[in-house]
Each structure stands twice: as C-alpha cells, then as structure tokens.
Amino acid sequence: MAEGGGGLGTKYDVGMGLAERERTCTLTHPKWGPALSRRDYLLRENYLTTVPLARDGGITHWILTVAGLPAGERPILSSCESLRKRAVYCDGGKVVEGVAHGIGSVFTEEGYRGRGYASRMMREVAGRLRGWQAGRGVVGGEGDEDGVARGRVLFSVLYSDIGKSFYAKHGWEPFESCHVAFEPAAGKTEGGGIARPIGYHELAELCAVDERLLRAELSRGGGGRGRKKTRVAVLPELDALLWHLMREDYMTKCIFGKTPTVRGAVAGEPGRRVWAVWMRGYYGGLNKDEGNTLHVLRVVVEDAEQADEELVDGFRSIVQMAQGEAAEWKTQDVQVWNPTAKVRGLMDKCGIEFEVVERDVQSIASLMWYGEGSTDEVEWVANEKYAWC
Ligand SMILES: CC(C)(COP(=O)(O)OP(=O)(O)OC[C@H]1O[C@@H](n2cnc3c(N)ncnc32)[C@H](O)[C@@H]1OP(=O)(O)O)[C@@H](O)C(=O)NCCC(=O)NCCS
C-alpha cells in the first residue's frame, strides 16, 4: 500500500521485504547494534519478530518510499517500526482497555538526511497508527465490560534520543524522563540478603498482581470532574516484560555465551511484597561498559499503605542484588526510570548511594494521545522502562 508521490510505503514482515529489512539493519547496525556482530544483529532483528508482543503481527515495519516501485527497487527514504501493546486509560473512574503503539528505530540513512523524510514519515505514521490494529490483542478486563472504547488505539509512545523538540513538533509530547542510577557492586548477590531472585516462572503471577493494582490505582485516582488530567498507562503485562527478557537472552547469549537466571528480586510475603524486574541492555558489549545498563523494568510495592520502615530492608536487599548482577554482567549502572514517590522514599531510606539524572537528550519518554482533549491533559502513569521499545 503505497500512497501517491513519495507516500508512506508498505509494511514489510518476515516473509516480505526481507532484503529491505536487511538493508535497513545493515545501516542501523553501527548505531544500535555495536555490541553484536552485524550478522548477530540482523539475526536479532529477525528473532525479535517472533517473541511475545511482536509475534503474530504485533510488530510493524514502516518505510517512507516512492509509490509504485516494487520492493527491492524502491528507495528506503526513512524507516521505523511500531509494536502493539495493551494499554488502559481512566474515563470517569472506569478503566477502559485499548491499544498503544510503541515506536522505535526511527532512521534515515546519511545520504537522505536533512530533506524532511523522517518528518514526513512521522506525520504519516502518526495518522496511520491512530487506527492501526484497533481491537487486536485486547482482552476483557475489569471495568471495561461495556467496552465503550474497548480496543481503540488510545495513544502511541516513543523514546527520543535526539532531544525534546523534533518529535514534539510532530505531536509526541515529552514526559517525565528522569532516572535514579546505582553503581554496580560485586559480591552483593549472595548471602545475608532477604530478597529472593525472580525467575521466568514467577513472572506471570507477579504481572497479574501488578496489572490488578495498576488498574485499581488508575480508577481511584482519575476521572472525577475536578481532575484535570486523563490518566493512561501501558499495561505491565507478562508479554510486555517477556519482550525485554527474550531480547536480553539473545544479547547475553551472543556476548557471554549464556543467559542470566536472575530476572529481578522480591522481598516480603504475598500481599506485602516489594519487587523489581530487570533487564540487561548492551550497546558497548564486552569491549566497553559505556552503554551497558541493568535496567529496572518495573518496581511494584504491593501494599501502598505499608510503612516505609517495614519495606526498606527488603528494598535494600533488592537493590543490592541488582548491583551484584550489574557487576557480574558488565553493566555500568543500575537504572530505575521515573520511580514513584513511594519508591523514591525507599531509595532515600535504604542507605545506598544513588544519583538522580534528568535526561535532556537521550531516551525522552514521549506520548501522543488519540482520545479527547490534548496530550497536555494526559498523565502517564507507570512511565517506567518496561514501556520502552
Ligand atoms: C534523526 C533522523 C531520523 C532525522 O532524519 P531526517 O530524515 O534527516 O529528518 P528530517 O529531515 O525530517 O528532519 C531533520 C530534523 O531532525 C533534527 N535532528 C537530526 N538529528 C538530530 C540530533 N541528533 N539531535 C537533534 N535533532 C536532530 C534536525 O535538526 C532537523 O530539525 P528541524 O526539523 O528543526 O530542521 C536521522 O538523523 C537519523 O537517522 N539519525 C540517526 C538515528 C537516530 O538518531 N534516530 C533517532 C532515534 S530517536
């Protein structure tokens, strides 16, 4: 489906336009895949079409091209991809489920830069995503029985590495983009800690609890007449985390020849737990630590009413386990994106040094709202790393 005169081109998937994807990947490899050989990077991008979230058409590859030319002969003027995710917003106290698209890998090859191609693509992608795959991947959930807007595309998100203005110009407003960074600290993984490691098999239960708590929080906090902002969230469901962890498996297998087993840590008993799920991300690889980070995807305090004093020992132990994993897996820091006030309180009390970083250029969380009102009137709840792609 190419549109007239240099319009947005077709999507290409595993079976179709593979050569085009290879061409794009070859060009993006130096920027996004330096921790991998070019071949492993190409294979990773193919593998990433088969994992949760992306599989079954969840990922769409977009190119701006010249209409009418067949794949292989047409130029790739600019490219990006979108990943379908489950999302919710609070409408008058009722949590409504729909779709959000995460956009990533926006790229124009050097020879084509500065001619407005990425701008044109983003404008067209913004319009196309508004109705893209509406209703797909949406399952019934609390509070959306009558499904007024169920399955509608609610919003799209992206993470700008080129500051706040380029994407804002095209409708993706910058949101809070701060993180807390802890140093790696070897030898803290074992012994004495009260936190227990989280493996794959525990994630389904934890994600189900997280989703229930998040829906409850959204419905409590939002929608009243006096409330100015519409509260929205990407759901921290199992597939959303598995996308990260399977990507991490691929990276660590290539870089270290093995995959990690500790995917997070939990402390406390059911009903009064605190936990963090994390993912190791690599841009530097083994040669340099810079760009290698242990990203905390999501932090959950199960009982928000529980006193910090009761939670802080468990939280400290979780951070120490993350620091130990960060050291063992050659990352330069542990990052927690946009921690809630409750989690910031635990950080302050746990006695481990950290740095607060306000990002101005890299990984600027940006959102375009497709519902009523403007994006300015939206509050992005749970704006944490798990929503990144
Ligand atoms: C960013 C990129 C996609 C822009 O593509 P393009 O086709 O040249 O974009 P356009 O011609 O539509 O627009 C260029 C605009 O991008 C801005 N821009 C490009 N690179 C930038 C950077 N590193 N930092 C800030 N702004 C940047 C230009 O200043 C220009 O701004 P203007 O519209 O106010 O004049 C391209 O430079 C690229 O692929 N870079 C490497 C990959 C990358 O960083 N992608 C973005 C990931 S979030």
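The values are calculated or read from the model by the stated rules, or taken from the named source; none is laboratory data. Not measured: the values here are computed from a predicted model. Heads up, the Cβs are rebuilt from the backbone with ideal geometry, glycines too, and the neighbour counts pull from every protein chain shown. Each accessible area value is taken on the protein alone, full model and side chains, heavy atoms only, with ligands, DNA and RNA left out. Shrake-Rupley method; radii C 1.70, N 1.55, O 1.52, S 1.80 Å.
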Margin query: Based on alpha-carbon centroids, what's the gap between the range 347-372 and the range 237-255 in Å, whole number please?
Written below: 22 Å
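Which of the GluC sites (Glu not before Pro) found in the range 285-368 are loop residues per DSSP with 10 or fewer other Cβ atoms within 10 Å of their Cβ? If you can, show how the numbers build up before the last one.
Values: sites: Glu290, Glu302, Glu305, Glu309, Glu310, Glu325, Glu328, Glu353, Glu355, Glu358; in loops: Glu290, Glu302, Glu305, Glu353.
Those that pass, being in a loop and sparsely packed, are Glu290, Glu305, Glu353.
Divide by every residue of the chain the summed helix terms, -39500 (n - 2.57) for each DSSP H run of at least 4, and state the resulting mean residue ellipticity at 222 nm, rounded to the nearest 500 deg cm²/dmol. Please report the intermediate quantities before stating the final value.
Working: 8 runs with 115 residues, N = 389.
Helix-only estimate at 222 nm: -9500 deg cm²/dmol.
Report the rotationally averaged projected area of the range 179-359 based on its alpha-carbon convex hull, in square nanometres. Write out the running numbers ahead of the final one.
Working: hull surface 44.0 nm².
Averaged projected hull area, Cα only: 11.0 nm².
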Item checked: Rounded tilt (10° steps) of 341-350 against the dominant C-alpha axis of the chain -> 50 degrees
Next item on the list: Would you kindly state how much longer the chain becomes between Lys258 and Glu310 on full extension, computed as 0.36 nm times their sequence separation minus their alpha carbon distance, in nm to one decimal?
Entry: 15.1 nm
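Which of Lys94/Lys342; Lys258/Lys330; Lys94/Lys228; Lys85/Lys169; Lys85/Lys342 have a Cα-Cα distance over 19 Å?
In this structure, Lys94/Lys342; Lys85/Lys169; Lys85/Lys342 exceed 19 Å between Cα atoms.
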Next item on the list: Would you please state the base-10 log of I(q)/I(0) at q = 0.08, 0.11 1/Å for the chain, with intensities from the Debye formula using one equal scatterer on every alpha carbon?
Entry: -0.41, -0.80
Notebook entry, point to check: Could you sort Ser82, Ser165 by accessible area so the largest value comes first, with the probe set to 1.4 Å?
Noted result: Ser165, Ser82
Next item on the list: Kindly provide log₁₀ I(q)/I(0) values, in the same order as q = 0.22, 0.25, 0.26 Å⁻¹, from the Debye equation applied to equal alpha-carbon scatterers of the range 292-350.
Entry: -0.88, -1.07, -1.12
Notebook entry, point to check: Solvent-accessible area per residue for the range 280-350 at a 1.4 Å probe radius, Å²?
Noted result: 37 Å²
Checklist line | Hits among lysines - C-alpha to C-alpha of Lys164 under 22 Å, sequence gap 8 or more where chains match | finding: Lys31, Lys229, Lys385
Margin query: Modelling each spin label as a point 7 Å along the Cα-to-Cβ direction, I'd like the Ala208/Leu286 distance in nm, to one decimal.
Written below: 4.1 nm
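Provide the per residue accessible area, probe 1.4 Å, for the range 18-177, rounded to a whole number of square angstrom.
Details: 6710 Å² over 160 residues.
Each residue of the range 18-177 exposes 42 Å² on average to a 1.4 Å probe.
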Next item on the list: Between Arg39 and Glu377, with labels modelled 7 Å along Cα→Cβ, what's the label distance in nm to one decimal, could you check?
Entry: 5.6 nm
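Probe radius 1.4 Å, ligands and nucleic acids ignored: give me the carbon and sulfur share of the accessible area of the range 18-177 as a rounded percent.
Here it works out to 49 percent.
Looking at the range 82-128, which trypsin sites (Lys or Arg not before Pro) are DSSP coil and have at most 15 other C-beta atoms within 10 Å of their C-beta?
Arg113, Arg115
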Notebook entry, point to check: Say we join alpha carbon atoms closer than 10 Å with springs in a Gaussian network model of the chain; which of Glu20, Glu211, Glu269 then has the biggest fluctuation?
Noted result: Glu269
Note to self: Which of rounded, prolate or oblate describes the range 18-177 when judged by the alpha-carbon gyration tensor and an a/c cut-off of 1.5?
What the structure shows: prolate
Notebook entry, point to check: Once both labels are modelled 7 Å past Cα along the beta-carbon direction, what's the Arg130-Ser363 spacing in nm?
Noted result: 3.2 nm
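Given R₀ = 56 Å, what would the calculated FRET efficiency be for Thr26 paired with Ile194, taking r from the Cβ atoms and rounding to 0.05?
Details: r = 48 Å, r/R0 = 0.86.
Step by step, r from the Cβ atoms, then E = 0.70.
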